[in-house]
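A quick write-up on the structure given underneath.
Every read-out reported here was derived from the displayed coordinates using simple, explicitly stated rules and does not represent laboratory data. Given the structure is predicted, the values throughout are model-derived calculations rather than measurements. As a convention, Cβ positions derive from the backbone with ideal geometry for all residues, glycine included, and neighbour counts pool all protein chains shown.
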């Protein structure tokens with residue numbers, strides 16, 4: 001699910 | 001990483017450098033909204049906390065440090081070193097009207113109800129409206145120095161390029177983040193009016209004058 005959404009953008 | 005995102009990040013970096021140079025060279029922050037710069041500092045601090053917890057790439061870490069440092073330097077120049085040139089009267093946008101709704105929205109619409117994720121979401125929402133005090137200041141003074149309009153053009157282009165990056169990532173990697181996309185669209189729309197003025201006036205060597 002979105003929980004482990006990794007924000008790899010600045 | 002793709003060309004759109006790299007171009008967006010470089011455009012963002014360029015905007016921050018243009019602003020720092022403008023204030024440092026002219027030794028004045030006339031025409032610049034300190035409130036927008038405060039909001040940008042909050043955006044970076046709440047979004048880049050993962051600098052110490054998640055390592056993504058050297059590029060990612062370096063850029064985060066540069067953005068936070070440049071933002072702090074800008075605030076120092078505006079509120080300490082060249083404080084006398086800060087235009088208090090015209091920089092009167094009530095930023096609490098931006099901060100509070102962004103906090104509430106981040107608590108309601110987010111990907112995950114954790115501290116880091118709420119802060120990231122708040123940062124994304126805040127960034128989309130952080131330029132409003134600056135656009136408000138330009139509308140009140142009715143004009144902007146050309147260097148300030150170059151700063152705004154670079155800053156507006158950065159998120160517009162990110163929109164292309166998100167289209168590319170959806171098509172190439174089936175990756176998308178509706179919160180970032182929605183906020184990015186709002187952010188870019190806020191610049192449209194300015195983009196029109198910039199392209200029709202500033203690029204023709206005229207001064208950026210808003211219709212009174």
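Sort B:74-81, B:201-208, B:120-127, B:170-177 by packing, meaning the average of other beta carbons within 10 Å per residue, with the highest value first. Spell out each step's value before the answer.
Numbers: B:74-81: 16.5, B:201-208: 13.0, B:120-127: 24.1, B:170-177: 11.1.
Those peptides, ordered most packed to least, come out B:120-127, B:74-81, B:201-208, B:170-177.
Could you work out [θ]222 nm for the protein assembly as shown from helices alone, using -39500 (n - 2.57) per DSSP H run of at least four and dividing by all its residues? Round to the nearest 500 deg cm²/dmol.
Values: 8 runs with 146 residues, N = 222.
Only helices count here, giving -22500 deg cm²/dmol.
Return, ordered by residue number, the residues of segment B:100-121 whose backbone nitrogen is under 18 Å from a label point located 7 Å along Cα→Cβ of residue B:68.
B:115-121, by backbone N distance to the label point.
To the nearest whole number, what is the average tally of beta carbon atoms from other chains within 10 Å of the beta carbons of peptide B:67-78?
On the way: counts 1, 0, 0, 0, 0, 0, 0, 0, 0, 0, 0, 0.
Per residue, the average neighbour count from other chains is 0.
Rounded, prolate or oblate: pick one for segment B:81-135, where a ≥ b ≥ c are the square roots of the eigenvalues of its C-alpha gyration tensor, a/c under 1.5 means rounded, and failing that, prolate if a/b is larger than b/c, else oblate.
prolate
Tilt of helix B:3-26 relative to the longest C-alpha principal axis of chain B, in degrees (0 to 90, nearest 10)?
Taking the Cα atoms of chain B, the angle to B:3-26 is about 30 degrees.
Other chains' Cβ within 10 Å of B:106-117 residues: what's the mean?
Values: counts 0, 0, 0, 0, 2, 6, 5, 1, 1, 0, 1, 4.
Mean inter-chain Cβ contacts per residue within 10 Å come to 2.
Take peptides B:29-40, B:143-154, B:108-119 and line them up by average Cβ neighbours within 10 Å, highest first, as a rough protection proxy.
Details: B:29-40: 22.6, B:143-154: 20.2, B:108-119: 14.2.
Averaged packing, sorted descending, gives the order B:29-40, B:143-154, B:108-119.
Between the helical axis of B:178-200 and the dominant principal axis of chain B, each derived from Cα atoms, what acute angle in degrees is found, rounded to the nearest 10?
The angle comes out at about 20 degrees.
What relative contact order, as a whole-number percentage, does chain B give when Cα pairs under 8 Å and 6 or more residues apart are counted? Don't skip to the end; give the middle numbers.
On the way: 250 pairs, mean separation 66.7, N = 212.
The normalised contact order for chain B reaches 31 percent.
Where does helix B:115-129 land angle-wise versus the long Cα axis of chain B, in degrees 0 to 90, nearest 10?
Helix B:115-129 sits roughly 30 degrees off the main axis of chain B.
Just check segment B:80-212 against the gyration tensor rule for me: Cα atoms, a ≥ b ≥ c as the square roots of the eigenvalues, rounded for a/c under 1.5, and otherwise prolate or oblate depending on whether a/b exceeds b/c.
On the way: a/c = 2.66, a/b = 1.41, b/c = 1.89.
Here segment B:80-212 falls in the oblate category.
Which of the three applies to segment B:29-132, rounded, prolate or oblate, going by the alpha-carbon gyration tensor with a ≥ b ≥ c and a/c under 1.5 meaning rounded? Spell out each step's value before the answer.
Values: a/c = 3.30, a/b = 1.35, b/c = 2.44.
Since a/c reaches 1.5 but b/c is at least a/b, the shape of segment B:29-132 is classed as oblate.
May I have the convex hull volume per residue, in Å³, for the Cα set of segment B:103-176? Don't skip to the end; give the middle numbers.
Values: hull volume 8.1 nm³, N = 74.
Residue-normalised Cα hull volume stands at 110 Å³.
What ratio of Cα Rg to 2.2 N^0.38 Å holds for the protein assembly as shown? List each step's numbers first, then the result.
On the way: Rg = 17.3 Å, N = 222, 2.2 N^0.38 = 17.1 Å.
Relative to the 2.2 N^0.38 Å estimate, the protein assembly as shown comes out at 1.01.
Using a 10 Å cut-off around each Cβ of peptide B:49-59, what is the average number of partner chain Cβ atoms that fall inside?
Working: counts 0, 2, 0, 0, 0, 3, 0, 5, 1, 0, 1.
Per residue, the average neighbour count from other chains is 1.
Under 20 Å from a point placed 7 Å out from the Cα of residue B:56 along the Cα-to-Cβ direction: which residues of segment B:91-128 have their backbone N that close?
So the set is B:106, B:110-128.
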